[in-house]
Amino acid sequence: MVPTKPTRTTTPRLAPLAPDGPTENRADRARSEPMAVVALGDGRYDVVVRGGAAYTVSLDEGTCTCPDYRYRERRCKHRRRVAIDVTERRVPAPDERDATCAACGDPVFVAADAPDPAYCGACTLAPGTLVRDRERGDVLVVVETLTRRATDVAVGDHTVADHPTNDGYDPRDAVVEAVYPTRDATPGSLRERGVRTYAFPRARLERLSR
């Protein structure tokens with residue numbers, strides 16, 4: 001999945017989504033009543049309501065600790081509010097977690113099992129992106145951003161993490177394969193021609209504008 005930036009602030013606040021909306025049913029009240037949704041992980045969310053009470057919603061199990069669900073087994077306004085906030089990207093989905101983009105510092109949602117450091121979609125280097133090696137000053141072209149981390153990618157007798165030129169970079173950083181610019185630097189053509197690629201920790205590369 002491509003990491004996406006939340007549409008919320010980093011600190012949830014008690015607020016209605018539609019202050020002047022109708023209140024005739026649970027769906028209406030889910031938007032019109034002041035609430036704050038806080039992701040707890042594992043598909044669970046706390047919904048804080050006016051007066052300070054908090055109810056825990058499990059999206060995976062379809063449950064809520066509020067009286068409306070516990071005694072009437074209704075799809076309460078708290079479950080509806082969590083579903084709205086997940087859909088509108090104010091809180092992470094059950095298979096996601098909050099993180100901070102290591103490049104720009106913005107909040108980002110990533111897969112729950114994704115390691116840190118994490119990068120948002122805008123800061124994930126796509127194939128064809130021009131970058132500069134912060135250590136040598138060389139300009140390169142990105143071939144691919146790998147899902148494996150620097151401790152898991154071999155470069156000769158070393159891994160990317162313990163290669164002498166990468167001392168000081170996070171050993172868990174994402175790895176980017178890049179090449180020196182050629183006339184045709186598309187990933188497929190490079191591999192077909194056997195052009196040598198170089199592996200770098202993501203933080204070592206600076207994006208350049210064309």
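The values are calculated or read from the model by the stated rules, or taken from the named source; none is laboratory data. Keep in mind that this is a model prediction, so the values were computed, not measured. Cβ sites come from the backbone with ideal geometry, for glycine too, and all protein chains shown count toward neighbours. With ligands, DNA and RNA removed, areas are computed over all heavy atoms of the protein, side chains included. Shrake-Rupley method; radii C 1.70, N 1.55, O 1.52, S 1.80 Å.
The condition (being at pLDDT 95 or above, outside any loop (DSSP other than H, G, I, E, B) and open to solvent by 50 Å² or more (accessible area, probe 1.4 Å)) is satisfied by just one residue among TYR69, TYR55, TYR45: TYR55. ALA103 falls short on exactly one of the conditions (1) surrounded by fewer than 17 Cβ atoms within 10 Å (Cβ to Cβ); (2) modelled with pLDDT under 95; (3) in a loop (DSSP other than H, G, I, E, B), and that condition is (1). Among the residues of the range 11-34, are any open to solvent by less than 80 Å² (accessible area, probe 1.4 Å) and at pLDDT 90 or above? Checked against the condition, which is being open to solvent by less than 80 Å² (accessible area, probe 1.4 Å) and at pLDDT 90 or above, the range 11-34 yields at least one hit. Every residue in the range 114-124 that is among the β-branched types (Val, Ile, Thr) and assigned to a strand (DSSP E or B), please. Listed by number, the list is empty, since nothing qualifies. Residues of the range 149-176 that are in contact with a strand residue (DSSP E or B) (Cβ under 6 Å, 6 or more places away or on another chain), of a type outside the set (Ser, Thr, Tyr) and open to solvent by 40 Å² or more (accessible area, probe 1.4 Å): VAL155, HIS163, ARG172. Residues in the range 122-133 that are closer than 15 Å to VAL175 by Cα and open to solvent by less than 30 Å² (accessible area, probe 1.4 Å): CYS123, LEU125, THR129, VAL131, ASP133.
Taking the conditions exactly as written (within 25 Å of the chain's Cα centre (by Cα) and of a type in the set (Ser, Thr, Tyr)), does THR100 satisfy them or not? Taking the combined requirement at face value, the residue satisfies it. For residues that are over 21 Å from ALA18 (Cβ atoms) and among the charged types (D, E, K, R), scanning just the range 75-100, find the one that is most open to solvent (accessible area, probe 1.4 Å). Result: ASP95.
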